[in-house]
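Here the structure comes first, spelled out in structure tokens, and everything after it is commentary.
The values are calculated or read from the model by the stated rules, or taken from the named source; none is laboratory data. Bear in mind the structure is a predicted one, so any value in this text is a computation, not a measurement. Quick reminder, even Gly has a Cβ in these numbers, built from the backbone with ideal geometry, and neighbours come from all protein chains shown.
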Amino acid sequence: MTLTMEAVLRKTELGRAEISRRGENLSRHERNLLVVADGRRRAADLLDLVGSENHGSLVRLLESGLLEIVNLAADAVGAGPIGRGASLKDTPADSPARIAPELDKPYGCPADASRQHRVYCFLGAQIPEFFGLGAIPLTLQLERANSVDELLPVFEKLMVAVGRKRGEPAVALYRARLARLLGDEAAPAA
């Protein structure tokens, strides 16, 4: 695929490994682009986030296999019903879509992804929803995680933010989602 400024980009496994490894092969600018490439933002948005117009950095990251262009297929894990014609005003007040509308935000994870990658994709989509510009430090923690166990503290920080914004019923829904992402294993209690 050809890179356009409308293309949505995400890190590859190699890109996540590069961040975790903290290798010296990337400039600070390229590393920042790699960190914020979450599979939801367009190339133009990524460049705006890191304060640059250097299109060449994105091309280099793509060519080196650290980034990839996302194809958010409807059958990808996390491609929820809200956003495809459904409306929150049409849902009952006690429905999960009303209690935690961010929970159904698509996160474009391949259906055959590992447990760790499913949790990673989910957290990567949810963190910006609750932390805004303050998401970068937590995103770095997410990027440095090498196992599900290292992702769980990031999830717990998200639960604090979800609880503040949406309340305990939403936290319960998020914990149930985590259990499903982990393969129906018990989600950690707060």
> Can you tell me which residues in segment 138-164 are more than 14 Å from the chain's Cα centre (by Cα) and without any contact (Cβ under 8 Å) to a residue 24 or more places away in the chain?
Replying inline: D149, E150, P153, K157, V160, G163, R164
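To keep it simple, each residue is scored yes or no on (1) surrounded by 14 or more Cβ atoms within 10 Å (Cβ to Cβ); (2) among the aromatic types (F, W, Y); (3) assigned to a helix (DSSP H, G or I).
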{"site": "Y120", "(1), (2), (3)": "yes, yes, yes"}
{"site": "I127", "(1), (2), (3)": "yes, no, yes"}
{"site": "T139", "(1), (2), (3)": "yes, no, yes"}
{"site": "E150", "(1), (2), (3)": "yes, no, yes"}
{"site": "G163", "(1), (2), (3)": "yes, no, yes"}
{"site": "Y174", "(1), (2), (3)": "yes, yes, yes"}
{"site": "G183", "(1), (2), (3)": "no, no, no"}
>> For segment 120-137, give me the residue count where each residue is out of contact with any strand residue (DSSP E or B) (no Cβ under 9 Å at 6 or more places or on another chain) and either polar (S, T, N, Q) or touching a residue at least 60 places away in the same chain (Cβ under 8 Å) (or both).
In response: 2
> If you scan segment 128-143, which residues turn out to be at pLDDT 85 or above and either in the same structural domain as I19 (by TED's automatic domain parsing) or of a type in the set (D, E, K, R) (or both)?
Replying inline: none
